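Q: Before I ask anything, let me first share the structure, which is written out below as structure tokens.
The values are calculated or read from the model by the stated rules, or taken from the named source; none is laboratory data. Note that the structure is predicted; figures quoted are calculated from it, not measured. So basically every Cβ, Gly included, is an ideal-geometry build from the backbone, and we count neighbours across all protein chains shown. Accessible surface is based on the protein model in full, side chains and every heavy atom, while ligands, DNA and RNA are left aside. Shrake-Rupley method; radii C 1.70, N 1.55, O 1.52, S 1.80 Å.
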Amino acid sequence: MHIDRDLEVFNPYNQEVIDKISCAMVDDVEKAVQQADEVFQRTMKKMPALWSTQYFNGTGTRVGRTSRNPFQS
Amino acid sequence: MAPRKKVTLELGSNAPNIIFSDANIEEAVRAIAMGGYTFAGQACVSAQRVYVQENVYDTFVEKLVNELRKLKTGNPIDETTTFGPMITEEAAIRAESWIKEAVGQGAKIVTGGNRQGTLLEPTVITNATADMKVVCAEVFAPIVTILPFQTEEEVIDNANDTDFGLHATVFTKDINRALRVADAIDTGGVWINEVSVRRYDHIPYGGVKDSGFGKEGVKYAIDDMTAIKFIGIKLQN
């Protein structure tokens, strides 16, 4: 099952539509899980604990600031 | 439930907040006025059952009602708004019906109780009994029920007399009592001198009994979801 549509987000105070969010369907979830598993097997599972710790610690501050590969720190 | 999959479930609660007479009452009042009504009470750890020791009971109720008058009801998009609507009108109608049911069973509305669309007034209920829905079920609305108690033993029994067990709170200046009660309360977490709704992402968060199982909180969630593999090596002599 797959549909391309957005869900409307209402302000419960006055029922105004204040935003739209993507609507994920079963297919999208399946795709996301498959992708996550593939990345985990290929990358995360092989990563030493120190690297993954550095990766997690640094990701937040690096996102949007630089395109530098976080694994090379 | 998914077979052979790790699962964490957070299934809500009816958080007991216990206020002993030696507590800083002003601080406890402010805490409950925030913790019972923030997000219009729609939080799993929202203060729902507030147990107040008998000799400060009347003072507490009066001060709480005064504190709630300071809330500014309105559109949550307006930054000056401090109290907003419930998620849907259906949810507000359901909460209103629980108030009416409690009143029909002998409870008293001290303030609030009225609804306009999705807006349910910040409500305080007294004269309630343990079998009323506003006490024993998860109210998930801006409704706080205040119940009197005399002794520590009695209030521990009352706080534990529930199918839920997510967060609880003890207000007291006596650290020995605080730790004694915290130990005796059957919940996944206990705050001392802070309202039950308080939660930070890094604390281990999750309930017991019907409130669910497994833990949230970054480190604890990772521990919970990690499959530990033992690898042993037998060395040659």
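Q: Put +1 on the Cβ of each Lys and Arg and -1 on the Cβ of each Asp and Glu in the protein assembly as shown; which of B:Gly112, B:Leu179, A:Val33 then has its Cα farthest toward the positive end of the dipole?
A: A:Val33
Q: Something else about it: B:Val197's amide H: which non-local residues (gap 5+, or another chain) put their own amide H closer than 5 Å, with H modeled 1.01 Å from N in plane and none for Pro or chain starts?
A: HN-HN under 5 Å from B:Val197: B:Ala47.
Q: Still on this model: For B:His202, what accessible area in Å² do you get when you roll a 1.4 Å probe over the heavy atoms of the protein chains, rounding to the nearest 10?
A: We get 130 Å² for B:His202.
Q: When the Karplus curve 6.51 cos²θ - 1.76 cosθ + 1.60 is applied with θ = phi - 60°, which whole-Hz ³J(HN,Hα) does each residue of region B:117-134 get, with x for Gly and Pro?
A: x, 7, 8, 10, 4, x, 10, 10, 10, 10, 6, 9, 10, 4, 8, 6, 4, 5
Q: How far is helix B:25-35 tilted, in degrees, relative to the longest principal axis of the Cα atoms in chain B, given as a value from 0 to 90 rounded to the nearest 10?
A: Around 70 degrees separate the two axes.
Q: May I pose another question? May I ask for the angle, rounded to the nearest 10°, between helix B:175-184 and the longest principal axis of chain B, with both axes built from Cα atoms and the value confined to 0 to 90°?
A: 70 degrees
Q: Mind giving me the FRET efficiency for B:Lys229 and A:Asn57? R0 is 25 Å, r the Cβ-Cβ distance, nearest 0.05 is fine.
A: Taking R0 as 25 Å, the efficiency between B:Lys229 and A:Asn57 is 0.55.
Q: Evaluate the charge dipole of the protein assembly as shown about its Cα centre and quote only its size in Debye, nearest 20, assuming +1 on the Cβ of each Lys and Arg and -1 on the Cβ of each Asp and Glu.
A: Using only the charged Cβ atoms, the result is roughly 1480 debye.
Q: Under a crude label model (7 Å from the Cα following the beta-carbon direction), how far is A:Asn11 from B:Asp131 in nanometres?
A: It works out to 4.5 nm between the two label points.
Q: Separate question: Just how far, in whole angstrom, is region B:203-237 from region A:1-47 if you go by their alpha carbon centroids?
A: The distance from the Cα centre of region A:1-47 to that of region B:203-237 comes to 27 Å.
Q: Which shape class applies to region B:1-136: rounded if a/c is under 1.5, otherwise prolate when a/b exceeds b/c and oblate if not, where a ≥ b ≥ c are the square roots of the Cα gyration tensor eigenvalues?
A: Note, shape of region B:1-136 comes out rounded.
Q: Kindly express, to the nearest 10 degrees and within the range 0 to 90, the angle between helix B:89-104's C-alpha long axis and the longest C-alpha principal axis of chain B.
A: Approximately 70 degrees, to the nearest 10.
Q: Give, to the nearest whole percent, the P(r) tail of chain B beyond 23 angstrom, counting all Cα pairs.
A: Here the tail beyond 23 Å accounts for 50 percent of pairs.
Q: Let me ask you something else. Heavy atoms only, 1.4 Å probe, whole protein assembly: order B:Val144, A:Val9 by accessible area, highest first.
A: The most accessible residue leads, giving A:Val9, B:Val144.
Q: How large is the Kirkwood hydrodynamic radius of the protein assembly as shown, in angstrom, based on all distinct alpha carbon pairs?
A: The answer is 22.4 Å.
Q: Could you pull out the trypsin sites (Lys or Arg not before Pro) across region B:1-85 that fall in loop regions by DSSP (anything but H, G, I, E, B) with no more than 16 other Cβ atoms inside 10 Å?
A: B:Arg4, B:Lys5, B:Lys6, B:Arg69, B:Lys70, B:Lys72
Q: Which order do B:Trp98, B:Trp191, A:Trp51 take by accessible area at a 1.4 Å probe, largest first?
A: Result, largest first: A:Trp51, B:Trp191, B:Trp98.
Q: Within the set B:Lys70/B:Lys100; A:Lys31/B:Lys5; A:Lys46/B:Lys219; B:Lys5/B:Lys229, which residue pairs have Cα atoms separated by over 23 Å?
A: B:Lys70/B:Lys100
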